[in-house]
2 protein chains.
Amino acid sequence: MAERISDGEHAVMDVLWDESPLTAAEVAERIDPARGWSDRTVKTMLARLLAKGVLAHEEDGRRYLYRPLVARADYAARESRRLIDRLFGGRAAPLVAHLAEQDQLTAEDIAEIEALLKALKP
Amino acid sequence: MAERISDGEHAVMDVLWDESPLTAAEVAERIDPARGWSDRTVKTMLARLLAKGVLAHEEDGRRYLYRPLVARADYAARESRRLIDRLFGGRAAPLVAHLAEQDQLTAEDIAEIEALLKALKP
DNA sequence: GCTTGACGATTACGTATGTAGTCAAATAAG
DNA sequence: CTTATTTGACTACATACGTAATCGTCAAGC
């Protein structure tokens with residue numbers, strides 16, 4: 001269940017997280033054209049994701065319909081944690097501090113985060 | 001310059017970010033023993049990191065002294081950005097929101113982040 | 001001086017990943 | 001019915017990565 005999803009595979013998951021179930025052809029249509037993938041490549045990704053157990057497929061006549069078995073939020077949580085563990089000693093605050101220092105936070109971000117935190121307080 | 005650093009390579013960089021320059025043997029000594037790496041493995045990592053241009057080495061007699069060419073903060077910034085782009089549509093606020101929702105923020109984290117943001121405001 | 005050990009350089013090998021191509025079966029077109 | 005097309009299954013191949021082993025050389029002991 002803790003299968004890693006590669007960068008390429010993630011592009012496929014993204015499509016299915018937005019809309020599912022989809023056929024292989026439909027997934028291929030929706031993949032960011034910037035990747036320039038052939039539909040074969042998409043098929044390969046789908047097969048690998050199935051093998052990893054993060055997708056399921058049900059038969060629909062001669063084709064399959066694919067749907068994610070892992071929620072986007074769960075995946076995001078796992079990856080965020082990985083990053084925080086690897087780069088920030090497992091603490092989230094240094095990550096935010098870092099984003100702030102690097103000017104990667106817009107004024108809007110800051111306002112949004114402050115509102116969020118306020119809501120979290122008892 | 002935008003070379004990716006793999007998970008294993010990162011362990012080596014971590015050592016050199018803490019202390020440098022170091023010889024290959026010194027790096028090997030300082031690698032987290034939990035990895036159970038042979039010194040050969042460490043040498044391989046050093047060679048690959050050199051090839052990627054993220055380390056430099058200077059001769060010291062018959063050995064080399066290795067030092068990082070990429071700052072830890074720069075690397076952290078790049079990886080944070082990658083994560084945010086991939087998982088949160090490029091905006092930092094949703095990442096923080098996500099951490100909050102997942103209860104991945106301690107009260108301490110929250111206080112720390114609030115203080116930080118306050119300092120950022122004009 | 002000859003041997004042994006420390007180093008860097010080169011090579012190895014299995015799995016993951018990016019990126020497809022081929023083959024066979026089923027179906028749609030004619 | 002025969003042929004072209006669609007679809008999944010299997011195969012391919014180069015590069016990256018994890019994890020070393022081997023080779024050659026130079027220096028330090030004896």
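The values are calculated or read from the model by the stated rules, or taken from the named source; none is laboratory data. Treat the numbers as computed from the prediction; the structure is a model and nothing was measured. Note that we place each Cβ from the backbone using ideal geometry, even for glycine, and neighbour counts take in every protein chain shown. Accessible surface is based on the protein model in full, side chains and every heavy atom, while ligands, DNA and RNA are left aside. Shrake-Rupley method; radii C 1.70, N 1.55, O 1.52, S 1.80 Å.
Got a sec? Which of A:90, A:8 is more than 16 Å from DNA strand D (Cβ to nearest atom) and either within 14 Å of chain B (Cβ to nearest Cβ) or touching a residue at least 24 places away in the same chain (Cβ under 8 Å) (or both)?
Only one candidate passes the filter, namely A:90.
Out of the residues in the range A:15-55 meeting the condition of being out of contact with any strand residue (DSSP E or B) (no Cβ under 8 Å at 6 or more places or on another chain) and within 14 Å of chain B (Cβ to nearest Cβ), tell me which one is farthest from DNA strand C (Cβ to nearest atom).
My answer is A:18.
Taking the condition of being in contact (Cβ under 8 Å) with a residue 60 or more places away in the chain and open to solvent by less than 20 Å² (accessible area, probe 1.4 Å), how many residues in the range A:46-87 meet it?
1
Looking at the range B:70-87, is at least one residue assigned to a loop (DSSP other than H, G, I, E, B), within 14 Å of chain A (Cβ to nearest Cβ) and of a type outside the set (Lys, Arg)?
yes
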